[in-house]
Each structure stands twice: as C-alpha cells, then as structure tokens.
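Colleague: For reference, the structure I am asking about is given below.
The values are calculated or read from the model by the stated rules, or taken from the named source; none is laboratory data. Keep in mind that this is a model prediction, so the values were computed, not measured. All Cβ positions, glycine included, derive from the backbone under ideal geometry; neighbour counts span all protein chains shown. Quick note on the areas: whole protein, heavy atoms, side chains included, nothing else; ligands and nucleic acids left out. Shrake-Rupley method; radii C 1.70, N 1.55, O 1.52, S 1.80 Å.
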Amino acid sequence: MKADSEQTKQMQQDFLRESALYYKQISIWLATVSAGGTIALATFVASLPNPAYAFELMIFSFWGFLLGIVSAGLATYARARIASEKAVYLGHVYNIGQINDVIVQIPEMISSPQAIADNANSERNQLIKESENFDLLAENASRNRFSWERIWALLLIFSLFSFVFGFSWPLIQVGYLDKKIVPTTVSPIESFNTKED
C-alpha cells in the first residue's frame, strides 16, 4: 500500500508541474498574440494610402492589444506572487511542525497553586504561542495565495478579451459598421488640383 501512495504522490507532483507549465504558456501566448496583433495592425495601417485615417479608425484595436499585453504581464507577476505565498505557507507549516515536536517532548506540569504550574510551563506555553503565531501567519499566506489566484484568473480573462476585442474591432468596423479603411472621399489637395484644371 505504501508503494501505491508514493506512486500517487509522484503522479500528483507530475500533474502539478504540467499544470504550472500550461499556466505559464497561457500567459506567454496571450502576450505574444497581442504583441503580434499590434505589429501586424501597425504594419497594415502604415501601408495604407491614408495611415492617419486608418489609425484613427483602428485606435481601439491598438488599445485592446496593449491592454492584452499589460494584463498578460501582470498575470505573470500574479503567478509569481502565488508561488511566493505557497513558499511562505510551507515555511510556516514546517515551523509549526518543528515547534509542535518540541512541545510534545515537554511534559505539562499540573499543580494546585496555578502560579507554580504557570512558572513550570512557561517555556512550553511560550512555544505554544509561537506555534499559534505561525499558524496565523500560515493562514494569512494561504488567504493571500487565494487572493492572488483570483487576481491571476481575472487578469488572464481580461487579457483574452482584450486580444479578442483588438482582433475583432477592425472586422466590426468593416463588416458591421460599413466603415472604409481607405476613405472614399477626395482629399483637399486632390480637390484643389482638380479645380485648377
């Protein structure tokens, strides 16, 4: 039975490592596609006959891609904080275990005058207080970790929606709002040249 539990523990560790790798890849993918979208859109807009008009039309796409990049970067920071809080939590749990091992080895003195018992148990009571303090710190680290996990998930979702918005805004402009990327109106210079002729 012990071999099975060790094998299960190892498999759990493998899945946790695989999961962490996928989380990392999601953040990198979102930052990369948003940056790629920005570059592709900027190149396209610059190649048009009237880049200023096209840039003005696509400005929300650029904002969407920028927010996608920033959100993905902040999500990576949130993942780092999650790992940090896990390390803090495990450190406090280890300290609790070490202190509790010492407490078990110190017998509790019982005496009818409570003052004598309190004096005899002062070292043990101090260790119990330290253990309780580490327990509070561990709970705080655990709460912080859960908070950072929620922040990380929200940032990833926001980054994804920002990318989708940045990508779809030009399609909305052209497909649904019937906007032209290249203006069909005659420019003032062309209009002036036509009048002179």
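Colleague: Among the candidates A141, A115, single out the residue that is over 30 Å from A75 (Cβ atoms) and either at pLDDT below 85 or of a type in the set (A, V, I, L, M, F, W, C) (or both). Before the answer, list the steps.
Modeller: Details: A141 fails: over 30 Å from A75 (Cβ atoms).
Selected residue: A115, the only one of A141, A115 that is over 30 Å from A75 (Cβ atoms) and either at pLDDT below 85 or of a type in the set (A, V, I, L, M, F, W, C) (or both).
Colleague: Here's a follow-up. Does region 149-171 contain at least one residue that is assigned to a loop (DSSP other than H, G, I, E, B) and of a type outside the set (K, R)?
Modeller: The initial filter retains those residues of region 149-171 that are assigned to a loop (DSSP other than H, G, I, E, B), namely none.
Taking every residue of region 149-171 in turn, none turns out to be assigned to a loop (DSSP other than H, G, I, E, B) and of a type outside the set (K, R).
Colleague: Here is a check on your reading of the model: is L90 open to solvent by 60 Å² or more (accessible area, probe 1.4 Å) and farther than 20 Å from L154 by Cα?
Modeller: The answer is yes for L90.
Colleague: If you don't mind, there's one more thing I want to ask. Considering only region 21-50, state which residues are open to solvent by less than 50 Å² (accessible area, probe 1.4 Å) and farther than 15 Å from F163 by Cβ. Can you show your working first?
Modeller: Narrowing region 21-50 to residues open to solvent by less than 50 Å² (accessible area, probe 1.4 Å): 27, 30-31, 33-38, 41-42, 45, 48.
Matches in region 21-50: A42, V45, L48.
Colleague: Another question about this same structure. Name every residue in region 82-107 that is in contact (Cβ under 8 Å) with a residue 24 or more places away in the chain and within 33 Å of the chain's Cα centre (by Cα), in order of residue number.
Modeller: Kept after step one, since they are in contact (Cβ under 8 Å) with a residue 24 or more places away in the chain, are these residues of region 82-107: 82, 85-86, 88-89, 92-93, 95-96, 99-100, 102-103.
Across region 82-107, the qualifying residues are I82, E85, K86, V88, Y89, H92, V93, N95, I96.
Colleague: Now, a different point. How many of the residues making up region 9-20 are open to solvent by 90 Å² or more (accessible area, probe 1.4 Å) and of a type outside the set (A, V, I, L, M, F, W, C)?
Modeller: Total meeting the criteria: 4.
Colleague: Just to be sure I understand the filter: pairs with C-beta atoms under 7 Å, separated by 6 or more residues or on different chains, first member in region 40-59 and over 16 Å from K179 (Cα atoms), second member among the polar types (S, T, N, Q) and open to solvent by less than 40 Å² (accessible area, probe 1.4 Å). Which pairs pass?
Modeller: As it stands, the answer is L41/S61, since those pairs meet every condition given.
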